[in-house]
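Here the structure is laid out as structure tokens; the discussion comes afterwards.
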Amino acid sequence: MGASQSAGTEHEFQDLADRTGFSLEQIGNINKRFRQLSNNEETLSREDLASIPALDNNPIRAQIINAFFDKRNLHQNETGTVQEIGFEEFLMVMTHFRPAAMGITEEERENLRRDKLRFLFNMHDTDSDGTINLEEYRRVVEELLSKAGTIGQETAKAIADAAMLEVASTTRGKMEPDEFYEGITFENFLQILNTFDIETRMHVRFLHMDTATLRCGKSK
Amino acid sequence: MSVRVALHSPTGSRSFLERGLLLLVMLIFLEGTVLTLGAASSPDISAQDNTGGGHDRRDDHRGIAGSHEQTNYTYTKKAFPVLSLDYHHIQVPFEISLWVLLASLMKLGFHLIPRLSGIVPESCLLIVVGLLVGGLIKLAGEEVPPVLDSNLFFLCLLPPIILDAGYFLPIRPFMENIGTILMFAVVGTLWNAFFVGGLLYAVCQIEGTYLSQVELLPCLLFGSIISAVDPVAVLAVFEEIHINELLHILVFGESLLNDAVTVVLYHLFEEYSGAGEVTPMDVVLGVICFLIVSLGGIAVGAIYGILAAFTSRFTSHTRVIEPLFVFVYSYMAYLSAEMFHLSGIMALIACGAVMRPYVEANISHKSHTTVKYFLKMWSSVSETLIFIFLGVATVAGPHAWNWTFVSVTVILCLVSRVIGVVGLTFIINKFRIVKLTTKDQFIVAYGGLRGAIAFSLGYLLNKDHFPMRTMFLTAIITEIFFTVFVQGMTIKPLVDLLAVKKKQEAKRSINEEIHTQFLDHLLTGIEDICGHYGHHHWKDKLNRFNKKYIKKCLIAGERYKEPQLIAFYHKMEFKQAIELVESGGGVKLPSAMPSQVSMQNIQPKKLPPAVAERALPQFTKGREEEIRKILRSNLQKTRQRLRSYNRHTLVADPFEDGWNDFLLKKQRMIELEKKMTEMSNYLTVPAAPPDSPTMCRARLASGDDFKAEKAGAKVIPDPNAFYNIKASSEGVPTIQVDLASPQSPDSVNMLNEFSKRGAKDQGLGQREVATRDEDQGLMMKPSSAGKEEKGEEEGGNKNPGLMRCLSDPGPSNEDEEDEPFLP
């Protein structure tokens, strides 16, 4: 039984590896971790992630966990959230944290950039309406400062307001007093983070590809 | 001078001529300097030197002898000398000042000729100036002073530059690339030293070069001196080419960290070049020595850095000497490290980098500015002097030119650098996520400039042990000139040609800061979920430890609790407030904070449209101008009123408030905003940063109740009465807002209220205002403020009584306010 299962998973892994670009070894590692987190269940729930002790100190813990259960991050064109995710979904979320490969074209780089920024954008846009409005932005900053105690909460609003003003002024230019800026659209988001080298910053070294392929070559 | 006047008249090419003449004048001055210096002809500036000390003593002796003579003269009843010349008395400081003045003037001169500085890097020009000065001294028939003496260089000229670099080291990119930097600095330098030294020795053994007396160890020593990239030269050139941050930190970081390698290699080879034999044991000792030199340097620096941070915790009452601690502790760190032959450069870097975050949180804004300016000033003067001295030393030194040796050195340096960079990048790229491209490698290799450190190390060599010292020095100078002139001048066009990514000049925005923080936490979270303890995990741990324990010890008051984001936000706010005042009212507000968009644009609308229509019209340009003018004069007035002066107390800065004040103001501002919204008025001119601690005051008068107004004005002195709301007799709201420190109104909230007033009343009002103007600082007169309205409705007896009054702290107010700042 064990042998047949492992053969099955291997085939499955190969399939996943083709789709996500991860190596078999990486997928194996992530799978191990997945099983550990889900207590050997097929699916992972919010509680499982929330129980990771290292996450306790993370101010944006709730948002990180939400990101895993957000359908928009699963490369599907749906919105809304799911209650439980399987390994495939887990892996799909992880693909957003892959570093850029060597020698990619300018277009690919741009796509990668959009993909990563889209992930960030989705984390802020909690009601999935395509814009980050002031309320949502304030919540982001509040979360960020949630470990700072009362000073943080008092300042969070001001910071979010200032940031929002900045976005409005850089994207819209002059506004009449009776005009209203609804919120940050994804295009605006790209614009304000123009100088932010997300493609070289948003990655987890563990998901680095080169070393993995090297090892992969060895194992074969 | 007459020539200058004559040439001055044609206005067509005036600017160019002017510049040329300025340079001419400078050259004349330079000649004067040279003559004085030539006449002095003593190893003057090396006062720290032993010989210098001896010289001083001799001077003293002579001085005493002179006084004896003088007493003798008085004894013989000779006339008392009314005016006497004693140049030796002031010689050393005078000449130092002259050199510094020369350097500063040169720096000034080059920036007046933009076309020249666009082509040639400043460092090259300075070396040329040095050559000229040296040549003039020689022409004057005097001995050229050994200006680039090693003691002077290492103890006086180098530390400011390194401290400046260390204090303002961009920690984040530095730490992110620390592996690559260390690889280049340690392995790269070792490779260069042995490659150049070894091959040079091989070349020397070839028959016919007349260099067969050169042994292996001196060659290796020479290799280790010549192989280190020089931070001074790199800084000077890289600052002008504006290369992207990654490349800059790679080359610059390498030049800083290779110091330890250079120090160890230098001492090792110097030690054994006499003995001649190197055993494997010595190699092991060398490695241990390297670890001690580098880590010891860092430890010494870190200790002094922490001490400096701790000291700055208690300086809140003696702000004037705050900056001094930064400099003195850093210098002590450098000297202490040098005392044990540890790497002084690494100690300085560590000291600056460690103390900065804590010191900055503790010291006042003004002190911070002082530190910044002093560091920049010292480092730029030092840098200028170093390059000038390099030129002078070139003229001065005895040279032993050997074509083979020099050309082989230059070629080998280039070759070894290229091979080293390419080879190391090949290894490093296996571990890097952001790979170094071929272009990057080229710039890193090409940016490996050599400089004055190499020269000074060569200068330190003992002539008895190294008979070929002069030849070494000549080769070092040639190599420096080659890198600085050829590479330094061509690197800029090459960067343009290769389209290497340049530095983005964008100011850091609050959005970027939010997302940087967010991303950090996100990546830490993802690593934790993956169960992989990587960089982010450890960084987060370190950050938390820092916040929990270290900051608590090293930062005074409550500020240690302040998260980075809030600190950044306050800094930004602060900057804007200052810019706002400096730009004179905030009409041309810098792009960081929008002036065109105000809070109402992003706030979900709560007001009914009817209310929104009542929004006040925007002020016209002319009136804005007027308001700004008044604000400006207002500001100057308050600044001019300097009260009792104390040498050790700084004049109160309008922006310098305690932390609590800051929060208090913010709170008040929010409250005010609420009130304003309730009253359906908008912040119009200028759209101040919302919730910012900008000092706003608005005065809304309904025209007829000046009495009430005046009563209101009298309330101002009470610092706690930040705003008063008064209902006028007619029920028109009268608001007098006095937000925050009344010393600097950099933003005005204007609330228009039109009410029908008789001309008589208006006149009365004007008079009232005028009188108050005298005793209260400044009030905007209705005649000027309401000019436009008047013009529009000219002839009408019933002008709209538009009152815009800007109030200023009354004198009574100021005394109270200044109290905390007076002893």
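The values are calculated or read from the model by the stated rules, or taken from the named source; none is laboratory data. Keep in mind that this is a model prediction, so the values were computed, not measured. Neighbour counts run over all protein chains shown; Cβ positions are idealised from the backbone, glycine included. To get the accessible areas, we keep the full protein, side chains included, count just its heavy atoms, and leave off ligands, DNA and RNA. Shrake-Rupley method; radii C 1.70, N 1.55, O 1.52, S 1.80 Å.
Checking the condition of a type in the set (V, I, T), open to solvent by 30 Å² or more (accessible area, probe 1.4 Å) and farther than 21 Å from B:I243 by Cβ, which residue from B:I419, B:I388 passes?
B:I419
Could you tell me whether any residue of the range B:282-302 is of a type in the set (G, A, S), in a helix (DSSP H, G or I), in contact (Cβ under 8 Å) with a residue 24 or more places away in the chain and in contact with a Phe, Trp or Tyr (Cβ under 6 Å, 6 or more places away or on another chain)?
Scanning the range B:282-302 turns up no residue that is of a type in the set (G, A, S), in a helix (DSSP H, G or I), in contact (Cβ under 8 Å) with a residue 24 or more places away in the chain and in contact with a Phe, Trp or Tyr (Cβ under 6 Å, 6 or more places away or on another chain).
Which numbered condition trips up A:F69, out of (1) more than 12 Å from chain B (Cβ to nearest Cβ); (2) open to solvent by less than 70 Å² (accessible area, probe 1.4 Å); (3) over 25 Å from B:D540 (Cβ atoms)?
Single failed check for A:F69: (3).
Suppose the filter is among the charged types (D, E, K, R) and either in contact with a strand residue (DSSP E or B) (Cβ under 9 Å, 6 or more places away or on another chain) or open to solvent by less than 20 Å² (accessible area, probe 1.4 Å) (or both); does B:E322 pass it?
Considered against the rule, which asks whether it is among the charged types (D, E, K, R) and either in contact with a strand residue (DSSP E or B) (Cβ under 9 Å, 6 or more places away or on another chain) or open to solvent by less than 20 Å² (accessible area, probe 1.4 Å) (or both), B:E322 comes out as yes.
Sort through B:H317, B:H341 and tell me the only one that's farther than 25 Å from B:I480 by Cβ and not in a helix (DSSP H, G or I).
Answer to the selection: B:H317.
List the residue pairs whose Cβ atoms are under 6 Å apart, where the first residue sits in the range A:154-170 and is more than 7 Å from chain B (Cβ to nearest Cβ), the second is open to solvent by less than 10 Å² (accessible area, probe 1.4 Å) and outside any helix (DSSP H, G or I), and the two are 6 or more positions apart or on different chains.
A:A156/A:L145
Please note which helices (runs of 4 or more DSSP H) are completely contained in the range B:454-546 and include at least 1 residues that are more than 10 Å from chain A (Cβ to nearest Cβ).
Passing ranges, in order: B:469-481, B:488-498, B:535-545.
Pull up the range B:391-406, narrow it to residues that are of a type in the set (F, W, Y) and surrounded by fewer than 19 Cβ atoms within 10 Å (Cβ to Cβ), then point me to the one that is nearest to B:L157 (Cα to Cα).
Per the stated criteria, the residue is B:W401.
Go through (1) within 12 Å of chain B (Cβ to nearest Cβ); (2) part of a loop (DSSP other than H, G, I, E, B) one by one and return the number of the condition A:N39 breaks.
Exception for A:N39: condition (1).
Just one of (1) closer than 24 Å to B:V326 by Cα; (2) open to solvent by 20 Å² or more (accessible area, probe 1.4 Å) trips up B:L83, so point out which.
B:L83 satisfies all of (1) closer than 24 Å to B:V326 by Cα; (2) open to solvent by 20 Å² or more (accessible area, probe 1.4 Å) except (1).
In the range B:455-505, what residues are among the polar types (S, T, N, Q), crowded, with 18+ Cβ neighbours inside 10 Å and farther than 21 Å from B:L211 by Cα?
B:S456, B:T483, B:Q487
Which condition from (1) open to solvent by less than 20 Å² (accessible area, probe 1.4 Å); (2) in contact with a Leu (Cβ under 9 Å, 6 or more places away or on another chain) is the one that B:I243 breaks?
If we test B:I243 against (1) open to solvent by less than 20 Å² (accessible area, probe 1.4 Å); (2) in contact with a Leu (Cβ under 9 Å, 6 or more places away or on another chain), just (2) comes out false.
Determine whether B:I526 is farther than 30 Å from B:F389 by Cβ and either modelled with pLDDT of 85 or more or in contact with a Phe, Trp or Tyr (Cβ under 6 Å, 6 or more places away or on another chain) (or both).
On the way: farther than 30 Å from B:F389 by Cβ: yes; either modelled with pLDDT of 85 or more or in contact with a Phe, Trp or Tyr (Cβ under 6 Å, 6 or more places away or on another chain) (or both): yes.
Against the criterion (farther than 30 Å from B:F389 by Cβ and either modelled with pLDDT of 85 or more or in contact with a Phe, Trp or Tyr (Cβ under 6 Å, 6 or more places away or on another chain) (or both)), B:I526 qualifies.
Looking at A:G80, A:G103, can you tell me which residue is modelled with pLDDT under 80 and under 18 Å from the mean Cα position of the chain (by Cα)?
Working: A:G103 fails: under 18 Å from the mean Cα position of the chain (by Cα).
Every option except A:G80 fails the conditions.
Only one of B:L211, B:L216, B:L169 is crowded, with 18+ Cβ neighbours inside 10 Å and closer than 19 Å to B:H267 by Cα; which?
Values: B:L211 fails: closer than 19 Å to B:H267 by Cα; B:L169 fails: closer than 19 Å to B:H267 by Cα.
Criteria check complete, one pass: B:L216.
With the condition kept exactly as written, say whether any residue in the range A:47-54 is among the small types (G, A, S), over 18 Å from the mean Cα position of the chain (by Cα) and loosely packed, with under 14 Cβ neighbours inside 10 Å.
Yes - at least one qualifying residue is present in the range A:47-54.
Take the residues of the range A:189-220 that are at the interface with chain B (Cβ under 7 Å from one of its Cβ atoms), open to solvent by 10 Å² or more (accessible area, probe 1.4 Å) and outside any helix (DSSP H, G or I): which is modelled with the lowest pLDDT?
Per the stated criteria, the residue is A:H208.
Give B:T438, B:T370, B:T404 a once-over and let me know the one that is more than 30 Å from B:L498 (Cα to Cα) and more than 27 Å from the chain's Cα centre (by Cα).
Working: B:T438 fails: more than 30 Å from B:L498 (Cα to Cα); B:T370 fails: more than 27 Å from the chain's Cα centre (by Cα).
Answer to the check: B:T404.
Just wondering, is there one or more residues in the range B:173-183 that are under 16 Å from B:V444 (Cα atoms), open to solvent by less than 20 Å² (accessible area, probe 1.4 Å), at pLDDT 90 or above and not hydrophobic (A, V, I, L, M, F, W, C)?
Taking every residue of the range B:173-183 in turn, at least one turns out to be under 16 Å from B:V444 (Cα atoms), open to solvent by less than 20 Å² (accessible area, probe 1.4 Å), at pLDDT 90 or above and not hydrophobic (A, V, I, L, M, F, W, C).
So that you can scan it fast, the table gives a plain yes or no per residue for (1) open to solvent by less than 20 Å² (accessible area, probe 1.4 Å); (2) among the hydrophobic types (A, V, I, L, M, F, W, C):
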{"site": "B:G109", "(1), (2)": "yes, no"}
{"site": "B:L112", "(1), (2)": "no, yes"}
{"site": "B:L125", "(1), (2)": "no, yes"}
{"site": "B:P160", "(1), (2)": "no, no"}
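Any residue at all in the range B:221-234 that's part of a helix (DSSP H, G or I) and open to solvent by 10 Å² or more (accessible area, probe 1.4 Å)?
Within the range B:221-234, not a single residue is part of a helix (DSSP H, G or I) and open to solvent by 10 Å² or more (accessible area, probe 1.4 Å).
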